[in-house]
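The block underneath contains the structure these notes are about, expressed in structure tokens.
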Amino acid sequence: MEVGFLGLGIMGKAMAANLLKNGFKVTVWNRTLSKCEELVEQGASIGENPAAVINKCKYTIAMLSDPKAALSVVFDKDGVLEQICKGKGYIDMSTVDADTSSKISEAITEKGGLFLEAPVSGSKKPAEDGQLVILAAGEKALYEEAIPAFDILGKKAFFLGQVGNGAKMKLVVNMIMGSMMNALSEGLTLADKSGLSEDTLLDVLDLGAIANPMFRMKGPSMIKSSYPPAFPLKHQQKDMRLALALGDENAVSMPIAAASNEAFKKARSMGLGDLDFSAVHEVVKATRGSGDA
Ligand SMILES: NC(=O)C1=CN([C@@H]2O[C@H](COP(=O)(O)OP(=O)(O)OC[C@H]3O[C@@H](n4cnc5c(N)ncnc54)[C@H](OP(=O)(O)O)[C@@H]3O)[C@@H](O)[C@H]2O)C=CC1
Ligand SMILES: O=CC(=O)O
């Protein structure tokens, strides 16, 4: 089966590599074309632009940074819309808001193509290990066609109904994750400032009711102020921003998420946007840990 793949960043590169390893023929495209070379070494073909990939493949997956990128790849010159037609599918796995997803869905279905949104929960390592959680919504027939690919990319796929539901679910999950990251950071800072061992705090957390893989994975490197990017902070801030907009639309007051978003924004303004989202710890340490105790 020939599958297209647009966007070879941290996530897309790992996902496309998994499809290749598991017997799929994959045609890739990335805005910075040189990033395709590593995938070509693993057996992929290159499409010169998104339209060329769509033309070649029965269905095409996209994994792009944000709403602007997702819209540009579909609507701009040499984009998806130029070649999408009856019998072809487009699966956008990027994290975007429901409005963006709906715009793309409408344009694709108007041309006779099928559309599925399928954002994922899980970071670089789950992407490498094929352990993502897939939050799909839209055209059920395309979902069913994509199940062999989803089985390789993820440990579980949910079908959530109409377009927008996948995007919203992903934003709710990441809003919780971003707030939890801020809470962990404040806890580490408080432990340190009050004379406790941060390592011991992590051990205590790991044995109790709020133990979780994120604290386990990110905590030790946060203590060392090390933030190699798995989930770039700029994307986490984008997700907080989009989740807060969803809260506005639904009149849901979200003071914890709003405060967390401020910390991520501050981190971006300090030039930390390309580091892992756990780098928000640098903001928390500087702003909450600067008393004279
Ligand atoms: N990293 C993670 O842990 C997770 C990320 N996500 C989501 O997945 C998506 C991708 O994340 P990730 O791989 O980490 O991000 P990266 O920043 O590593 O990659 C972003 C990709 O988008 C492309 N891109 C950016 N702007 C444009 C544009 N205007 N036109 C075309 N292509 C563009 C980049 O191309 P180029 O190489 O040319 O810059 C690159 O291929 C995001 O929506 C993110 O929120 C979801 C779950 C986990
Ligand atoms: O979107 C990020 C993730 O870890 O999930």
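The values are calculated or read from the model by the stated rules, or taken from the named source; none is laboratory data. If you're wondering where the values come from, they're calculated on a predicted model, not measured in any experiment. Note that we place each Cβ from the backbone using ideal geometry, even for glycine, and neighbour counts take in every protein chain shown. Surface areas here come from the heavy atoms of the whole protein model, side chains and all, with no ligands, DNA or RNA. Shrake-Rupley method; radii C 1.70, N 1.55, O 1.52, S 1.80 Å.
All other residues whose Cβ lies under 13 angstrom from that of Ile256 are scored, Lys and Arg at +1 and Asp and Glu at -1, for a net of -2. Taking amide H positions as modeled 1.01 Å from N, with prolines and chain starts lacking one, the residues under 5 Å from Arg31 and 5 or more places away or on another chain are Gly7, Leu8.
Please identify every one of the trypsin sites (Lys or Arg not before Pro) in the range 70-152 that sits in a loop by DSSP and has no more than 12 other beta carbons within 10 Å of its own beta carbon. Walk me through the numbers on the way to the answer.
Details: sites: Lys77, Lys86, Lys88, Lys103, Lys111, Lys124, Lys140; in loops: Lys77, Lys86, Lys88, Lys111.
Sparse-neighbourhood loop trypsin sites (Lys or Arg not before Pro): Lys77, Lys86.
Taking amide H as placed 1.01 Å from N in the peptide plane, the amide H of Gly89 sits under 5 Å from that of Tyr59, Thr60, Leu114, each at least 5 places away or on another chain.
Just need the relative contact order of the chain here, percent rounded to a whole number, with Cα pairs under 8 Å and 6+ apart.
On the way: 546 pairs, mean separation 39.3, N = 293.
For the chain, the relative contact order is 13 percent.
Among the GluC sites (Glu not before Pro) in the range 1-91, those located in a DSSP loop and surrounded by at most 14 other Cβ atoms within 10 Å of their own Cβ are Glu48. Sequence-ordered 3J(HN,Hα) estimates for the range 40-50 from the Karplus curve with 6.51, -1.76 and 1.60 and θ = phi - 60° stand at 4, 4, 8, x, 7, 9, 10, x, 6, 7, x Hz, glycine and proline given as x. Relative protection proxy for 18-24, 49-55, from highest mean packing down: 49-55, 18-24 (other beta-carbon atoms within 10 angstrom). Is there a pair in Lys68/Lys193; Lys86/Lys168; Lys56/Lys266; Lys58/Lys266; Lys155/Lys266; Lys68/Lys124 whose C-alpha atoms are over 32 Å apart, and which pairs would that be? Table pairs above 32 Å Cα-Cα are Lys68/Lys193; Lys56/Lys266; Lys58/Lys266; Lys155/Lys266. A 1.4 Å probe run over the protein chains yields, for the chain, 47 Å² of accessible area per residue, whole-number rounding. Counting only protein heavy atoms and a probe of 1.4 Å, the accessible surface of the range 2-162 is 48% carbon and sulfur.
Per the helix-only calculation at 222 nm, which mean residue ellipticity applies to the chain, given -39500 (n - 2.57) for every DSSP H run of n ≥ 4 and division by its residues, nearest 500 deg cm²/dmol? Show your work: numbers first, answer last.
On the way: 13 runs with 156 residues, N = 293.
Computed ellipticity for the chain at 222 nm equals -16500 deg cm²/dmol.
Between Val26 and Val3, Ser45, the built amide H atoms are under 5 Å apart, and every one of these is 5 or more places off in sequence or on another chain.
Taking the centroid of alpha carbons for each part, the range 52-101 and the range 11-50 are 16 Å apart.
Coupling constants for the range 201-211 follow from the phi torsions by the Karplus curve (6.51 cos²θ - 1.76 cosθ + 1.60, θ = phi - 60°), and in residue order they are 4, 4, 4, 5, 4, 5, 9, x, 5, 9, 4 Hz; glycine and proline get x.
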